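Note sheet for the following structure.
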Amino acid sequence: MIKYNSYKVSKSKGLIIMSENKDFLRTIVEDDLKSGKYKEVVTRFPPEPNGFPHIGHAKSICINFGIADDYNGHCNLRMDDTNPTTEDTKYVEALKDAVEWLGFDWGNNVKFTSDYFPKIYAYAIELIKMGKAYVDSVDEEEMRSLRGTVTEAGKRSKYAQRSIEENLDLFERMKNGEFENGQHVLRAKIDMSAANMKMRDPLLYRIRHAHHFRAGDEWTIYPMYDFAHCLSDYIEGISHSLCTLEFENNRDIYDWVLDTLGLKASRPYQYEFARLGINYTVMSKRKLLELVEGGQVNGWDDPRMPTIAGYKRRGYTPESILNFCDQIGIAKANSMVDVAQLEFCIRDDLNTKVPRVMCVLDPLKVTIENYEESEELDASYYPEDVPKEGTRAIPFSREIYIERDDFIENPPKGYFRLTPEQPVRLKHAYIITCKEVIKDADGKIIEIKAEYNPNSKSGSDTSGIKVKSAIQWVEAKSAKAVEVRIYDRLFKDEAPQGLEDINPESLQIIKGALIEPAVIADKPDERFQFERQGYFYADPIDYTDEKPVFNKIVGLKDSYAKKKKTTQTSKPEAKKVQIDGEVVAMTEEQQKLFDKYTNEFKLNSEVANTLARDEQLSSFYEEAQTVLNSPINLANIVTNEVARELKEKAVSELKFNAKQIAELIKMIDDKTISNKIAKQVFEEMAKSGENPTQIVEDKGLVQISDPAKISPIIDEIIAKNPDNVTKFKAGNTKLLGFFVGQVLKATGGKANPQVVNSLVTEKLKQ
């Protein structure tokens, strides 16, 4: 069993000894145990089985199972299967596999919300009898219009006046399948003027005539998340319902349901933590499904996918994922994590575990003319700093292969590998010197004639020859041909929006790579470090002895790392203070700004929190707002792009000002440019300080909205993808995103997405 502990707890004479280093969730748990509120900690991981779990789920798994384990409690694995149209058994199995692979144990049985349908239905009947729920019959549009706004109270539906008897009768008939989808819903009767709009008579049940993968056709009504979730927690005896921040506003409904029904014994409470965001990554189930169904990836377990199945197939270890989750910690405010941190964790884990072997990805033949014999060289699998043992015999003869880029005929300065004038060491073997370069009719180098120094054998070198590097190689006759799959980041954009941001070079397949024979014959491990290449994994699905396949897990270093010049600012940025994992309370002035931004400017709480707590950002934002009244769009660019620049610079050092940012946002508001193009313009502004309007004009970045210009591009893309057109017309409407993405890509992101979407839809239906 793998242990995930952010800190340790121990018991002495029945008392919990608190750790000095704990997050805010564990502080809550410890306080509840000390006060006697709960005798046992019971948590749950409750995903909906409508997709494969991703790296964000890994964080939730670690938190829920980890906290339960730390306090000798237990954690339930529960499938929130309340939507029969999207859920499937294959997703249940994927979720079970992910939890098990990460090393956690959910006990004897997986829980299902569908098992509680009779009890949840009975609780709904109780609310109706209490006059706290009613059957509403207005359509979706009218329901939306009656809901009100953040500044105006909503109006209750006329059907809220139905008698209890009438509501009971209608609800039973809904259950019996007498009505069509959407004809009726069951709503809670709470407060149509509530500041939290989720409390304005939220839906409790809706009609769904669909086959459920577990319940079959027994039910035609299904509870909404907000109703089913809290009751499922109560039924299971959950103590701490831990979920991500997007459910913060749902907490009021959670409490209302339990309190109104009088469910007090072992009553659970909801607590929220920051969800995981990683750059160069999408974790929307909808977008991931689009990638799978659109054929952009080879299934949910494609090694480029951020799914746990994808990381597992790529070669990541459970320990590396757990270490990553531990490193990022548990916070109360959302933030973006650099994917390089995850890549560091797998490098760090594998460095002390895996054998080092030699593989040549792009072979170049070398004939050692003065070597006539053959021998086997004894070589360790592990370097001296790795406390593991293991050796193999490496065949050596006069014909070998080296990496093609390990030889350059006319080398640049600082090149230390093989050249016509510069010898090099063959790792574990001898020093060789180039004597002749053989080329084909096109001038391509096809062979190197070389000589070796017999006194230069590794471990007993008496040659006195000084070389500056050692290169990998394989012996020609014994080397095994392998397929190597080089994976890169799936998206080329740091903040990908959709299919148009896919990295076209995210997968490179090398068919003619050569590897030393012991890797195939002796199988010392499943994961290896290919010397000087990176870490690789024997693909668990496609690998056979006849056709070995290796996936690149990660390079030996971060190839994306940027060298940043550190500059001393005249006004150092104030650091956010955290105590025991919890952000310190706002000052009175910060609270005023937060209230202003949320109530007056209608910013979401996360953005408002960021602005209110940072004096530089809020001042910049306020100045821009005086130029252009566009609070939400301005806030988004200030808290993201501008904030990124201010991490390394003071406001006075920025090459752009608030007026220019306002000018940029105005072009978005006027639909002169798209949001995607705006990011490109901003990057240029940050570099040059040039006005955004001038940049757009100079670079021809004006958004294309003319259907006459967009239509021919769409026609061409449709003509090139007949198979996807057929699939779309057969019912796979999700491929619409594929075509839209291709059009946006073809126009460099300049086409108006709304116009493109409308035109593509129209043309595909012809």
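The values are calculated or read from the model by the stated rules, or taken from the named source; none is laboratory data. Note that the coordinates shown come from a computational prediction; the quantities given were computed from them, not determined experimentally. So basically every Cβ, Gly included, is an ideal-geometry build from the backbone, and we count neighbours across all protein chains shown.
Structure above, values below:
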| read-out | value |
| --- | --- |
| Any pair with Cβ under 6 angstrom, 6 or more apart, that starts in the stretch 227-252 at a residue that is farther than 13 Å from Ser60 by Cα and ends at one that is crowded, with 23+ Cβ neighbours inside 10 Å and small (Gly, Ala, Ser) | Asp233/Ser241 |
| Any hit, the stretch 126-143, residues being at pLDDT 95 or above, among the small types (Gly, Ala, Ser), touching a Phe, Trp or Tyr at 6+ places or on another chain (Cβ under 8 Å) and buried (at least 18 other Cβ atoms within 10 Å of the Cβ) | no |
| Among residues of the stretch 73-114, those that are surrounded by fewer than 17 Cβ atoms within 10 Å (Cβ to Cβ) and touching a residue at least 60 places away in the same chain (Cβ under 8 Å), counted | 5 |
| Residues that are among the hydrophobic types (A, V, I, L, M, F, W, C), in a helix (DSSP H, G or I) and more than 17 Å from Ile665 (Cα to Cα), drawn from the stretch 634-655 | Leu646, Val651 |
| Strands (runs of 3 or more DSSP E) lying entirely in the stretch 519-633 (those with 3 or more residues that are modelled with pLDDT of 90 or more and β-branched (Val, Ile, Thr)) | 549-554 |
| Residue list for the stretch 499-518, restricted to those being part of a helix (DSSP H, G or I) and either in contact (Cβ under 8 Å) with a residue 24 or more places away in the chain or basic (Lys, Arg) (or both) | Leu499, Glu500, Ala518 |
| Answer residue from the stretch 413-441, given it is in a loop (DSSP other than H, G, I, E, B) and charged (D, E, K, R) and is surrounded by the fewest Cβ atoms within 10 Å (Cβ to Cβ) among those | Lys413 |
| Residues that are charged (D, E, K, R) and without any contact (Cβ under 8 Å) to a residue 12 or more places away in the chain, drawn from the stretch 432-460 | Lys439, Asp440, Asp442, Lys444 |
| Looking only at the stretch 387-412, and only at residues there that are hydrophobic (A, V, I, L, M, F, W, C) and surrounded by fewer than 16 Cβ atoms within 10 Å (Cβ to Cβ), the one that is nearest to the chain's Cα centre (by Cα) | Ile408 |
| Tally, over the stretch 544-554, of residues that are within 30 Å of the chain's Cα centre (by Cα) and over 14 Å from Arg527 (Cβ atoms) | 0 |
| Residue satisfying all of: in the stretch 21-36; outside any helix (DSSP H, G or I) and without any contact (Cβ under 8 Å) to a residue 60 or more places away in the chain; farthest from Ile63 (Cα to Cα) among these | Gly36 |
| Some residue of the stretch 196-209 being of a type in the set (A, V, I, L, M, F, W, C), crowded, with 18+ Cβ neighbours inside 10 Å and farther than 24 Å from Thr89 by Cβ | yes |
| Selection from the stretch 328-365 of residues that are surrounded by fewer than 17 Cβ atoms within 10 Å (Cβ to Cβ), more than 19 Å from the chain's Cα centre (by Cα) and part of a helix (DSSP H, G or I) | Asp348, Asn351 |
| Which numbered condition Ile128 fails, given (1) under 30 Å from Glu93 (Cβ atoms); (2) part of a helix (DSSP H, G or I) | (1) |
| Hits in the stretch 716-766 - residues which are under 30 Å from the mean Cα position of the chain (by Cα), free of Cβ contacts under 8 Å to residues at least 40 places away in the same chain and not in a helix (DSSP H, G or I) | Asn721, Gly731, Gly748 |
| Residue list for the stretch 595-615, filter: more than 17 Å from Lys647 (Cβ to Cβ) and of a type outside the set (A, V, I, L, M) | Asp595, Lys596, Tyr597, Thr598, Asn599, Glu600, Phe601, Lys602, Asn604, Ser605, Glu606, Asn609 |
| Filter pass, Leu168 being in contact with a helix residue (DSSP H, G or I) (Cβ under 9 Å, 6 or more places away or on another chain), surrounded by 15 or more Cβ atoms within 10 Å (Cβ to Cβ) and farther than 25 Å from Asn50 by Cβ | yes |
| Conditions (1) part of a helix (DSSP H, G or I); (2) over 30 Å from Leu33 (Cα atoms); number of the one not met by Ile120 | (2) |
| Test result for Ile673, closer than 30 Å to Gly294 by Cα and either outside the structural domain of Lys649 (by TED's automatic domain parsing) or surrounded by fewer than 21 Cβ atoms within 10 Å (Cβ to Cβ) (or both) | no |
| Residue in the stretch 144-162 that is nearest to the chain's Cα centre (by Cα), counting only those that are more than 12 Å from Asp201 (Cα to Cα) and polar (S, T, N, Q) | Thr149 |
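Residue-wise test of (1) under 41 Å from the mean Cα position of the chain (by Cα); (2) hydroxyl-bearing (Ser, Thr, Tyr); (3) at pLDDT 95 or above; (4) more than 25 Å from Arg398 (Cβ to Cβ).
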site: Thr419; (1), (2), (3), (4): no, yes, yes, no
site: Cys434; (1), (2), (3), (4): no, no, yes, no
site: Lys449; (1), (2), (3), (4): no, no, yes, no
site: Ser456; (1), (2), (3), (4): no, yes, yes, no
site: Val474; (1), (2), (3), (4): yes, no, yes, no
site: Tyr487; (1), (2), (3), (4): yes, yes, yes, yes
